[in-house]
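Enquirer: Quick one: the structure is below, questions incoming.
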Amino acid sequence: MRKQGVILIFAVLFALILCGAASAADSSSAGGDCNGNVSNAEAIDPILLVNVGYEYANDKINPEFKVTDSTNKNVVFDKVKLNENWKLNFTVAGVSNGTSFNVIVSAPGYITQTQQVKVYQGGSDPNFYGTATFDMKATKNYKLGREVTAKADKLLGLSGAKASDVLVITTAGITKRDGTTTEDCIEGVLNGLGGKVTFGQGNLLILRKSSTDPVDFAFIKKNGNSIQAVFFLKGSTTPVYQGTISQDMKVAQWNNLVKKVGGTNAFTYTSLANAWKAGAPADLLREAAFHGHMCQGTISGYAIAHVLLDYYPPVKDTQNPGSPYDVSAYKIIGVPGDSDDDALINFLNTTPGKGGYAGYDTTSSGATANMVAFIRWVETTQTGDLIIMKFNKKELQQQYKALGNTLKNDLDELKFNTWLLSLIKNKQYMQLVSFVRELKGLNEEQYYTLVGTAGDIKNKDGSVRISAREAKGLDLAYIDSLGLAKATRNIPSNTQLGTLTPAEIKQIGTNAAKLAKNIFLNEKGITLEKDCKNLVVQTSASYALLNGQITDMAMDGVYEELGSRLSRKTLLPMHVAPWKMLYFCFTLRGADGETMNSLYMTYNLATKSFLVGNGSDGKKVNDIGPKALNNVTQLNNIKKAFAVGEFFGNIQSIANAWRVNPRYDQLVTFLFHDHACPGVQPGFFITDMVLKDFPLGPNEEYFYMASSIYCKDDSLVYLMGVSPGMGSYMNQRLINEDTASDIIPGARMEGVLVVWDKKNNIGRAVIVNFLSPTLDSSGLITSEAQRESMIHYYVNAYNGLPYDRMIKSYSQTTTDSRWITAEEFAIIKQGGLASGTALDYVKSIPADRTRNDLIKIPGKSNGGSNSQGTSSNGGITSAIGPGATGYVGSVGDSGVNVSAASETTTSADSEAGDAGKSGKSYEVTKAGAQGTDNTPWGTYAVVGVLSVLALAGIGFFFRGSLFGE
C-alpha cells in the first residue's frame, strides 16, 4: 500500500504539472551541458521533476544540471522548463522501482548541490518518475556581494537612481577570502543592483590587487553636483563611512574620510569617482583602476597614446622574444615611475611580458621619468622610427595655477585632475604632451642595443648577425650619439568620431549572440542555453574601438542574450590594441571535456554585418580542442576559419586553458597577457612564493627588477601589485650567460625582488630562481598541441592537481638574501654598476649584514634620501606615488600653511557638518588576542597614543607613505 500511495502521488503530481506544459515550456534542450540534440518528442522512461529555488529569490538564473547513474556514469537527458519546475527525461536500461540517480545542480554564485533521486513507476504508466527540490545556498563571497549591495542601496537609494548616476569600485576578484578568489562578490553586486551596474556601462571598476589584499567596496552615487559614497572594508558588511567624496568637500570632511578609510583608499576612490563624474572615458577609468588611482601621469599617458596614433600610427605587429603570439606594433622604452607607463601598456597592449615594454632607471643619461620612447619597427626593412615623448608635468601645473588655482593638497589635485580631463574630453591631447625626439632610420644593431637580446641573433646559415647584449633602455645620451635623421609626422586624418549610441553598440553584442545561437542550432543541432557554464564567449569588445568609440556595451548585449560575463568566467574580454577589429568567438565545451566547438565572427561597421569564419571544409562551427590541435589537417582547416584578424592563437590558447577550469586570478592574467602560454605561468608560482615567504609588513612594498624577461612578467605585474607606472616594476634584459642560476641547474635567475621599508628607508633584496617543468610530449605532433599540453599542466599545477604527462615538476627558490640601503637600492634600479649587472651587484653586498645594522640611528643616515615613492616638482612634493601630483602642505606656494591640526578656516569648515555633506562614520572593531604573557601591551599603548597624535596632525595632507599609499 505504501508503494502504491507513493506511485499515486507521483502520478497526480506529474499530471498537474503537465496541464500547463504547453504554455509554460520556455526552453527545451538536451544533455545539461548545453550541447545535446533538441528533442520535441514526449519524454520517455524515466522522468525527473526538479524544482530549483535560490537563497536570493530575485535571482533569475538558469540552473545547470548534471545527471549520473548509480555508478556515477554521465546520463544524457532532455530537459524542459515547466512553470517553476524542470522536467528531465532520459533513457537508461535496467530501470526498476527504486532505481536511484544523482542529480547535480549548479548556478553562478551558488554552492553546487547533489541529491540522490529514486524513481518509481506510475501505475499503468510505463514511465518512471522521481522528484527533487533544490534550495540553493549562496557562496560566502556571493553573500558578501549581495549584503553590502543591499545595505548600500538602503543608505544611498541606488535602486531609484539612474544607471549613469551609480558607480561601484571594488578590490574583489583576485583578492581572496578563506583561500578563495572573490569573483562571486562581483557577481553578487551585479545581481544585487539588477542592471544598474554592468561591465558594459563602465560603472564597475575593479582595482588591480594581490590575493592578500582585503576585499573592499565603495558604492557611489551622483547627487546633483556632489558625490555620495558608502564604504565597506576588509570583507565586512558594516559600513565604515557614508558621506561625500566630492572634490569640493571641506577639509574637515576629507580628514574624516581619511580617518575612516585610510589615506590610500581615500585618494584611490575619490580620484576615480571624481574622474567618472567628470566624464572620463571608460578605457581611461579602466587604466586608472589598473594603476591604482587617477592622476596626472595616467591622464597624460592616455593623451600620449592618442598623439602617437595620430602622428605615428601603427604599421604592423612585429614579433617580440617569447611565444609566437608575443607581438606588438610598438616597443615602448620607459623610465618607470611616473604613472603614464601603466596607461600606455594597457591602451596599446604593449605589456612587458610580451616584450612590448622595457625600462629601468636611466635618468643618469639625461632621460626623465615623464619621458617615454616608442620604436615603430618594420620587419621587412629591419629599420624603425624612434619617437620620444613626454607629458608636460610642470608646465601643466603652472598653467593651472596661472588660472588662479592652488595646488596645495589632495583636494586641489582632484580638481586639477578634473581640469586635465576637460582637455581629454575636448581632445586637446597636444596640450598635455610634447615630442622630445622624432627620429628615423634606427637599424637592427641599434634596436637591440636599446631593448637587449638574451641570445645571439643569427642568420639562416647559423652565423651571428647581432651578438647577445643587455638592454641600454632609454639611454638618451646613446640615442643622441646615433645621428639619426628626423622622422616625418603623419598628417592626422579628420575622421569624425562614430555616432553609435550605447544601445546600438549593445545591440551588436546581442546580434552576435543571436547569430551564434542560430548557427549552432542549424549546423550542429545544438541549443545554446542562457547561463551555461560550458559556453565561453571571447571578444575584443571593451578594447577594440569602432570609429574611435568604446565598445564595452557589446558585452552587455552578449550577457542579456546568453548570460555570459566575466564574473562567471564565461565572457572573456581579450586584450587587444584599440585599432584591432571587433570580434566575437563562441566556444562550447563538450560533455567529454575535450571537444571545443567554436564559432568565430568579426564585425564590419560599414556594412553593419558579421563575417563568420569558415573552415576549409565550409563548416562554421569547428572543434579547436586538443585533439583537433594535434591533427595537422584539422589544424589547417580551423586556422582558415580564424584567418581574419589573425587571432587564432590568442583565442584557442585561452579557450583551451579555460577548458580545464583555471582559477579566476589565472584566467584574468591570461586576458591581460592576451593569450595563454607556458611562459606566462611561472609568474603565478613566483607570486605565490613571494606573498607567502615575504609578506608585507607596515610601510613595506614590493619592488621587482626583471632580468630574464618573458611572458611571466605579465603575471608578476598583474598579481603581485607591481607596475612600471608605480615605479615598482622595472626590467633590463640581460644575456643568458648572466641569468644562468647558480643554485638550480638549468634554471634562470629571473630577477631581483626587493621588500622595501619606506619608513626606515631600508630593504631586503633576494634573487628569484625558476626552473620550468619537464613534460612528456610523445604523440604531440604539432607545436600548438605541445603548447596546449604545457598550459594544461600549469593550470592543473596551480589548482593542485596532477597531470599525467609530467616527468619533472617546476622548481623555484630565492637566493642571495641581502639587507640593502637606499643608495644600494638606487643602484639596483639603475641595472647595477658599470662592472656588472643588478644580479651581480646584489651578490656583492655583504651577506652577514642584518636589519638592525641598517636601521637609522638618530643623527646618522643609512644612505640615500628617503624619497621612495615621492617626487618633487616646482616645490610641490608628492605623497601619493609616482605620476600623481599629490601635495604635502603648501611648500613653495604662497598663503596660509595648512595642516589638518592647525587649519585657518571658517567655523563651518571646522565642523563635520550635516550627515548628508560630511558623512556618517561607522566604527568596525575586531577583538585582539588576550591572555598572552609576552605581549608588550605597554609599548603598544604608547605607540597607539603617539600614532593618534600623529594622525591628528597629519591626516589631511600626508597620505602616501604614512597611510600606506
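Enquirer: (1) outside any loop (DSSP other than H, G, I, E, B); (2) more than 20 Å from D552 (Cα to Cα): which one isn't true of V189, the others all being true?
Expert: So V189 meets the others, but not (2).
Enquirer: Now for a different question. Out of all the residues in the range 682-691, is one or more buried (at least 24 other Cβ atoms within 10 Å of the Cβ) and more than 22 Å from R818 (Cα to Cα)?
Expert: The answer is yes; a qualifying residue exists.
Enquirer: If you go through the range 208-216 one residue at a time, do you hit one that is open to solvent by 30 Å² or more (accessible area, probe 1.4 Å), in a helix (DSSP H, G or I), within 27 Å of V717 (Cβ to Cβ) and not assigned by the TED database to the domain that holds P108?
Expert: No; the residues of the range 208-216 include none that is open to solvent by 30 Å² or more (accessible area, probe 1.4 Å), in a helix (DSSP H, G or I), within 27 Å of V717 (Cβ to Cβ) and not assigned by the TED database to the domain that holds P108.
Enquirer: Looking for something open to solvent by 30 Å² or more (accessible area, probe 1.4 Å) and more than 27 Å from R565 (Cα to Cα) - is there at least one such residue anywhere in the range 84-91?
Expert: Yes: the range 84-91 contains one or more residues that are open to solvent by 30 Å² or more (accessible area, probe 1.4 Å) and more than 27 Å from R565 (Cα to Cα).
Enquirer: Name the pairs: first residue in the range 648-667 and closer than 20 Å to Q634 by Cβ and open to solvent by 10 Å² or more (accessible area, probe 1.4 Å), second residue in a loop (DSSP other than H, G, I, E, B) and of a type in the set (D, E), Cβ to Cβ under 7 Å, at least 6 apart or on different chains?
Expert: Here the result reads N650/D674, each pair linking the range 648-667 to a residue that is in a loop (DSSP other than H, G, I, E, B) and of a type in the set (D, E).
Enquirer: Let me ask you something else. Inside the range 631-647, can you point out the residues that are under 31 Å from the mean Cα position of the chain (by Cα) and either surrounded by fewer than 19 Cβ atoms within 10 Å (Cβ to Cβ) or among the basic types (K, R) (or both)?
Expert: The answer is K639, K640, A643, V644, E646.
Enquirer: Say we look at the range 554-596 and pick out the residues that are more than 16 Å from the chain's Cα centre (by Cα) and of a type in the set (V, I, T); which of these is most open to solvent (accessible area, probe 1.4 Å)?
Expert: It comes out as T595.
Enquirer: Within the range 240-269, can you find the residues that are touching a His at 6+ places or on another chain (Cβ under 9 Å) and buried (at least 23 other Cβ atoms within 10 Å of the Cβ)?
Expert: Selection gives F267, T268, Y269.
Each row is one residue, and each column tells you yes or no for (1) within 18 Å of K393 (Cα to Cα); (2) in contact with a Phe, Trp or Tyr (Cβ under 9 Å, 6 or more places away or on another chain); (3) without any contact (Cβ under 8 Å) to a residue 24 or more places away in the chain.
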site: T268; (1), (2), (3): no, no, no
site: L272; (1), (2), (3): no, no, no
site: P281; (1), (2), (3): no, yes, no
site: I299; (1), (2), (3): yes, yes, no
site: Y312; (1), (2), (3): no, yes, no
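Enquirer: Another question, then. Among the candidates G763, G721, G746, G779, which residue alone is open to solvent by less than 20 Å² (accessible area, probe 1.4 Å) and either at positive phi or not assigned by the TED database to the domain that holds D338 (or both)?
Expert: None of the others qualify; the one that does is G763.
So that you can scan it fast, the table gives a plain yes or no per residue for (1) acidic (D, E); (2) surrounded by fewer than 24 Cβ atoms within 10 Å (Cβ to Cβ); (3) not in a strand (DSSP E or B):
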site: V372; (1), (2), (3): no, no, no
site: T381; (1), (2), (3): no, yes, yes
site: I388; (1), (2), (3): no, yes, no
site: K394; (1), (2), (3): no, yes, yes
site: Q397; (1), (2), (3): no, yes, yes
site: K401; (1), (2), (3): no, yes, yes
site: T406; (1), (2), (3): no, yes, yes
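Enquirer: Select from the range 512-553 the residues that are crowded, with 19+ Cβ neighbours inside 10 Å and without any contact (Cβ under 8 Å) to a residue 12 or more places away in the chain and list them in ascending order.
Expert: Hits for the range 512-553: nothing passes.
Enquirer: Report the residue count in the range 803-820 for those that are open to solvent by 40 Å² or more (accessible area, probe 1.4 Å), under 27 Å from the mean Cα position of the chain (by Cα) and over 30 Å from L854 (Cα atoms).
Expert: Of the residues in the range 803-820, 1 are open to solvent by 40 Å² or more (accessible area, probe 1.4 Å), under 27 Å from the mean Cα position of the chain (by Cα) and over 30 Å from L854 (Cα atoms).
Enquirer: Moving to a separate point now. Got a number for residues in the range 510-550 being in a loop (DSSP other than H, G, I, E, B) and among the hydroxyl-bearing types (S, T, Y)?
Expert: 4
Enquirer: Condition test on A503, is it open to solvent by less than 10 Å² (accessible area, probe 1.4 Å) and in a helix (DSSP H, G or I)?
Expert: So A503 does not fit the description; no.
Enquirer: Would the range 112-119 turn up any residue that is surrounded by 16 or more Cβ atoms within 10 Å (Cβ to Cβ), free of Cβ contacts under 8 Å to residues at least 40 places away in the same chain and either among the small types (G, A, S) or not in a strand (DSSP E or B) (or both)?
Expert: So far as the range 112-119 goes, no, none of its residues is surrounded by 16 or more Cβ atoms within 10 Å (Cβ to Cβ), free of Cβ contacts under 8 Å to residues at least 40 places away in the same chain and either among the small types (G, A, S) or not in a strand (DSSP E or B) (or both).
Enquirer: Mind checking which residues of the range 418-460 are in contact with a Phe, Trp or Tyr (Cβ under 7 Å, 6 or more places away or on another chain) and under 26 Å from L407 (Cβ atoms)?
Expert: Result: W419, I424, L432, V433.
Enquirer: Moving on. Does G625 count as touching a strand residue (DSSP E or B) at 6+ places or on another chain (Cβ under 6 Å), modelled with pLDDT under 95 and either on the phi > 0 side of the Ramachandran plot or open to solvent by less than 40 Å² (accessible area, probe 1.4 Å) (or both)?
Expert: Considered against the rule, which asks whether it is touching a strand residue (DSSP E or B) at 6+ places or on another chain (Cβ under 6 Å), modelled with pLDDT under 95 and either on the phi > 0 side of the Ramachandran plot or open to solvent by less than 40 Å² (accessible area, probe 1.4 Å) (or both), G625 comes out as no.
Enquirer: Separate question: Among the residues of the range 144-154, is there at least one that is in the same structural domain as T270 (by the TED database), closer than 11 Å to V215 by Cα and not in a loop (DSSP other than H, G, I, E, B)?
Expert: Yes, that holds for at least one residue.
The values are calculated or read from the model by the stated rules, or taken from the named source; none is laboratory data. Keep in mind that what you see is a predicted model, and the values were worked out from it rather than measured. Here Cβ is always computed from backbone atoms with ideal geometry, including for glycine, and neighbour counts include all displayed protein chains. Quick note on the areas: whole protein, heavy atoms, side chains included, nothing else; ligands and nucleic acids left out. Shrake-Rupley method; radii C 1.70, N 1.55, O 1.52, S 1.80 Å.
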